[in-house]
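Data first, discussion second: the structure below is written as C-alpha cells.
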Amino acid sequence: MRVCVLGISAGGGVPQWNCRCENCRDVRSRGERFHQSHASIAVSGSGRSWCLINSTPDITNQIERFKSLHPRTGMRSSPITSVFLTDGELDHTLGLLLLRQGARLDVYATGVVVDILSKDFPVRRLVNSYADHRWKKLVGGQQIHLEREGLKISVISAGTKLPRYVQGQKSAIDATVAYYIEDLRSASSLFYAPSLQEWTDTIDAAAKKATCVMVDGTFWSDDELISYGIADLKAKDMGHLPLDGKDGILSKLANSTAPGKYLVHVNNTNRVLRSSSVERKMLLDQQISLAPERNEIII
Ligand SMILES: [Zn+2]
C-alpha cells in the first residue's frame, strides 16, 4: 500500500498565521520547506487511482507535492477518485471547495456528516454547482471495497462531538470516524485516526492488527491550551484524547505491535514538534514518530 503523507497538522498548521508560540516561531525562522500543513493522506493499493482521507485548506498545494497525484491523461483528469471524510471539521472539509473544477469525486462520510455538510456548512450544495461529486453515506462498522484503488476500507466509530459551527446539537453518533484500510492484494493495512475522542475495543483491535497506525497526536496533555492561556477548553472537550496520562493515547499504543507507529493531526502547541523536547524523547522510546509530511511511505 502506498501512502502519501500530505500534511500532519491540526487546525491552523505550523506556523499558524497569528501564533508566536515556541513551535510556530521556530518553524517560521527555518523557512517554508519546514512548514507543516493540515493533516491528510492519499492512499492507494494499485497506484492507479487514489483516495484522499479528508480534504484540507492546503489540498491543492499538497497534491502538487506528489507526482503520483498529478493528472496523467488528456487535458483535464486526476488519479484521485474519492475522498473519505473522518468528520465535518472545517480543517478536514474546506478543501472540498477547492476540488470543484469539473472533477468527479466520490465523497464518503457518515450520514450525520453529510447532513451537516448539506445544512450547517453547505459545502455539498456549493461544490455541486461546479462539480458532479457523488456523496455516499457511511455507517460505523461498514466496509467499502474500492476495486480501482485496490483497497478495502472499514469505518470505525471514533467520537460523537460535532463541529462548533453546528447550531444547537453538540453531539451525534458517528460524528467522527477512523478508517482501517486494507490492501486487497497484500496483507498490509493502515489504521488512520486523526481524531480520537475515545479508545474503544474496536479501535484497540484495529490499532493492534494494523501494519501501520497513524493516530491522533493533537495534544500532549488534557489542559494544554489552558496552560498556555489561549483557550478554556480541555483536549477531551475538543474531541481528542491527549497523548500523555494514564488513559492517554501513548499508553494505548504501547499494546500495538505495528511496525509503523505515527502521530498525525499534531497541534502547533504540542511540544512533540520540538526535536529536543522531553516529549519527543518519550515518543521515540516507544518507537513512535511524527508522520513524515511530504513523503510517500510504502506499508
Ligand atoms: Zn503556534
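Coordinate-derived values only; no laboratory data. This structure is a prediction, so every number in the text was calculated from the model and none was measured. No Cβ is skipped: glycine too gets one built from the backbone with ideal geometry, and neighbour counts run over all protein chains shown.
Using only alpha-carbon positions in the chain, the gyration tensor eigenvalues give semi-axes of 27, 21, 21 Å once each is multiplied by 5 and square-rooted (largest first). Residues of the chain were split at every exposed loop site, defined as trypsin sites (Lys or Arg not before Pro) in a DSSP loop with at most 13 other C-beta atoms within 10 angstrom, and the longest piece left, sites excluded, is 186-245. For residue 196, nonlocal amide neighbours, meaning residues 5 or more places apart or on other chains whose placed amide H falls under 5 Å from its own, are 216, 241. Our coupling estimate for the stretch 142-151, obtained by passing each phi through the Karplus curve with A = 6.51, B = -1.76, C = 1.60 and θ = phi - 60°, is 6, 10, 10, 9, 10, 5, 5, 7, x, 10 Hz, Gly and Pro reported as x. Which entries in 67/281; 67/208; 208/246 show an alpha-carbon gap greater than 22 Å? In this structure, 67/281; 67/208 lie more than 22 Å apart at Cα. If only the Cβ of Lys and Arg carry +1 and only the Cβ of Asp and Glu carry -1, the dipole of the stretch 2-298 around its Cα centre is close to 880 debye. Only helices enter the 222 nm calculation for the chain: every DSSP H run of n ≥ 4 contributes -39,500 (n - 2.57), and dividing by all residues gives -4500 deg cm²/dmol, rounded to 500. Centre-to-centre separation between the Cα atoms of the stretch 228-267 and those of the stretch 169-188: 18 Å. Along the chain, the exposed loop sites are chymotrypsin sites (Phe, Trp or Tyr not before Pro) outside DSSP states H, G, I, E and B with at most 12 other Cβ atoms within 10 Å, and the longest stretch free of them is 18-164.
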